[in-house]
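The values are calculated or read from the model by the stated rules, or taken from the named source; none is laboratory data. Note that the structure is predicted; figures quoted are calculated from it, not measured. Note that each Cβ is placed from the backbone with ideal geometry, even for glycine, and that neighbours are counted across all protein chains shown. Side chains included, ligands, DNA and RNA excluded: accessible areas come from the protein's heavy atoms. Shrake-Rupley method; radii C 1.70, N 1.55, O 1.52, S 1.80 Å.
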Number of protein chains: 2
Amino acid sequence: MDVRTICLGILSRGDATGYEIKKLFGDDGYQHFVEASFGSIYPALSRLTQEGLVSVRSEIQEKRPDRKVYSITEDGRKAFLGSLMKPLPEDRHRSPFVFAMLFSHLIPHPRVVEMLDTYIEQSETKLAQLMEPRPQPLPEGERFVTGFGRAVYIAMVNYLHQYRAELKGDAAEAAE
Amino acid sequence: MDVRTICLGILSRGDATGYEIKKLFGDDGYQHFVEASFGSIYPALSRLTQEGLVSVRSEIQEKRPDRKVYSITEDGRKAFLGSLMKPLPEDRHRSPFVFAMLFSHLIPHPRVVEMLDTYIEQSETKLAQLMEPRPQPLPEGERFVTGFGRAVYIAMVNYLHQYRAELKGDAAEAAE
DNA sequence: ACCTATCTATATTGGTCCGATATAGATCGG
DNA sequence: CCGATCTATATCGGACCAATATAGATAGGT
């Protein structure tokens, strides 16, 4: 899903600046399933403005740089809805960690354990974010996304701990 | 993880052509956690050859176009191992489907069900690929990767079915 | 015999994306 | 006063990819 469509989706839920959109990809936002950088957000907003799918107004701020607030237009809502009605692009998963584990036989054992421990910590952090209580009732879409994310990360973390325990056993055996 | 490092990893397991490397990202290869296109594989192989990290030989084929077979060099092995010893880039997950579900309240119910059914089918296909029996014993790295992938996809598919059943209940209620 | 689909094989292109960088406005703790 | 961090907009060079190009096949249907 391209960055312009993602921006339209976000703006359909409320006005925002480029900086605010980027922050939504942070710790308690959409980071588990979409992301974009400043390098693509600002050009996307410019293009959407040119296409008439969003409008923009400047706000002067005291003590802070001025900000540009973007709003979705009626054409923008239609375009976004249209993109949801078309076949969706496939998911993409990239995991340097999982790829690296394929070569664990080439890596000194302590480094393998370190990689695994780092990945476990990162995964537990993300799961903790997903498990934080949210005001109820959740909108239906968010109920799905939260439940889905929790289910996947719980399975990940469980498997990682189980595998880690097996490594510990191996290390103990190796130490004998 | 950049495409050159991925290519080095793949070539550390055996010689291959650019076309063969691309095929490894297909159905029963690495697709669940890394991928690359021809648009990046061929330039990466060229660059690695220039850097002396791989070598290349041409093979004439009857009835088929000639092929270029790449082999990793000793420098290439060291470079690859070096990249595994450094902190790994973070995972990236992009799910247009999950993002779209956030807006399910804007989408006609039949389309939501269709999206969900399509995603369930795709996920079940990938799980079936992961569940196919493999010659035992698996190398340690592959044992982790296969187990991890299975754990994650089983959780996904279970949650998707459970959520789908809830939708069915909603639809039945709506039909009354 | 021809056409379409699919495979084998290498390679490039234009557009998208991103990490880094640039510029400019702050607060806060040491 | 300095470094870390936040707020805020924006661009750039390099990496990546879907599509395309070119060229070699097989196989099934009409």
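Across segment B:1-40, the qualifying residues are those that are touching a residue at least 24 places away in the same chain (Cβ under 8 Å) and of a type in the set (Gly, Ala, Ser), and the one among them that is farthest from the other protein chains (Cβ to nearest Cβ) is B:Gly18.
Put simply, of A:Arg77, A:Arg134, A:Arg94, A:Arg67 the only residue that is closer than 30 Å to B:Gln162 by Cβ, modelled with pLDDT of 90 or more and open to solvent by 40 Å² or more (accessible area, probe 1.4 Å) is A:Arg94.
Taking A:Glu62 as the residue in question, decide whether it is within 15 Å of DNA strand D (Cβ to nearest atom), free of Cβ contacts under 8 Å to residues at least 12 places away in the same chain, among the charged types (D, E, K, R) and surrounded by 15 or more Cβ atoms within 10 Å (Cβ to Cβ). Considered against the rule, which asks whether it is within 15 Å of DNA strand D (Cβ to nearest atom), free of Cβ contacts under 8 Å to residues at least 12 places away in the same chain, among the charged types (D, E, K, R) and surrounded by 15 or more Cβ atoms within 10 Å (Cβ to Cβ), A:Glu62 comes out as no.
In summary, A:Arg64 fulfils each of the numbered conditions (1) among the basic types (Lys, Arg); (2) part of a loop (DSSP other than H, G, I, E, B); (3) in contact with a strand residue (DSSP E or B) (Cβ under 9 Å, 6 or more places away or on another chain) with the single exception of condition (3).
Note on segment B:91-114: among residues that are more than 7 Å from chain A (Cβ to nearest Cβ) and of a type outside the set (Val, Ile, Thr), the one that is nearest to A:Leu11 (Cα to Cα) is B:Pro108. Checking B:Gly76, B:Gly26 one by one, the residue that is in a helix (DSSP H, G or I) and of a type in the set (Gly, Ala, Ser) is B:Gly76 and no other. Would you check if there is a residue in segment A:7-16 being part of a loop (DSSP other than H, G, I, E, B), within 14 Å of DNA strand D (Cβ to nearest atom) and surrounded by 17 or more Cβ atoms within 10 Å (Cβ to Cβ)? Checked segment A:7-16: no residue is part of a loop (DSSP other than H, G, I, E, B), within 14 Å of DNA strand D (Cβ to nearest atom) and surrounded by 17 or more Cβ atoms within 10 Å (Cβ to Cβ). Looking across segment A:32-50 at every residue that is part of a loop (DSSP other than H, G, I, E, B) and away from DNA strand C (no atom under 11 Å from the Cβ), the one that is most open to solvent (accessible area, probe 1.4 Å) is identified as A:His32. Would you point out the residue of segment B:137-163, among those that are among the charged types (D, E, K, R) and open to solvent by 60 Å² or more (accessible area, probe 1.4 Å), that is nearest to the other protein chains (Cβ to nearest Cβ)? Top of the filtered list is B:Glu140. Checked against the criterion of being part of a helix (DSSP H, G or I) and touching a residue at least 60 places away in the same chain (Cβ under 8 Å), segment A:99-120 contains one or more residues that satisfy it. All conditions in (1) at the interface with chain A (Cβ under 7 Å from one of its Cβ atoms); (2) open to solvent by less than 20 Å² (accessible area, probe 1.4 Å) hold for B:Met85, with the sole exception of (2).
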